[in-house]
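No lab work stands behind these numbers, since they all come straight from the coordinates. Treat the numbers as computed from the prediction; the structure is a model and nothing was measured. Positions of Cβ are backbone-derived with ideal geometry, glycine not excepted, and every protein chain shown enters the neighbour counts.
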């Protein structure tokens, strides 16, 4: 293998490694798109962070390739010093052309992937907008139901103020819904979801309430039995004394 072929092989390998890294990043993009299609992505901030991380990784891979190609050319220049002037000149010209082509190819890959990342970012935005629209519709339906005669008992319920501790991830979702104008405040959003959670667990809660009611009855019966026993002793002691 000639000196020119050795260095060109090194250039091709560096470009091939970059291609593999780009393909891995493209697979990550595909995973995020699948999450969007399956409606599993609830937090756009997390997806935006993933997209930003992929963009940063792509930039790092590109810099690594560029530095590697520079290093190859620098090493070739060192070895070319021991070659005849014309032969060395031809070698370095060939390597410059090969490196230029490799960088053009890498730049095209990089630009295409950046475009895909930007498209993905827009998909995330649209998916979140769609989710907000769906939530807004559901909330509006719920509010209309509460405004009907059959729902008037829930329009003016007794209100008890209570502090609630929420996971940070849940609070971010609540704040997003408030910012989107679906709810007027955190309290309104939290109250809405608590109510919906209770409604969804109605059957289970009724079973729990029935069990608790049985326990209360047993406690009352036990209490009466104990009071009766003590009452009996008291009467007996009084009669004996008389």
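Structure values in brief
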{"quantity": "Shape call, the range 3-147: gyration tensor on alpha carbons, a/c limit 1.5", "calculated": "prolate"}
{"quantity": "Stretchable slack from residue 211 to residue 171, in nm (0.36 nm times residue separation minus alpha-carbon distance)", "calculated": "11.0 nm"}
{"quantity": "Packing-based ranking, highest mean first, of 88-100, 206-218 given that Cβ atoms within 10 Å are counted", "calculated": "88-100, 206-218"}
{"quantity": "Packing-based order for 75-87, 4-16, using average beta carbon neighbours within 10 Å, highest first", "calculated": "4-16, 75-87"}
{"quantity": "Estimated FRET transfer efficiency (residue 46, residue 228; beta-carbon r; R0 51 Å; 0.05)", "calculated": "0.20"}
{"quantity": "Segment residue 59-residue 75, extension gain: residue separation times 0.36 nm, minus the distance between their alpha carbons", "calculated": "3.3 nm"}
{"quantity": "Amide N proximity, the range 45-71 versus residue 9 label position 7 Å along Cα-to-Cβ, cut-off under 20 Å", "calculated": "68-71"}
{"quantity": "Simple label model, 7 Å out from Cα along Cβ direction - residue 194 to residue 111, nm", "calculated": "5.6"}
{"quantity": "For peptides 167-174, 128-135, 222-229, sequence by mean Cβ density within 10 Å, most packed first", "calculated": "128-135, 167-174, 222-229"}
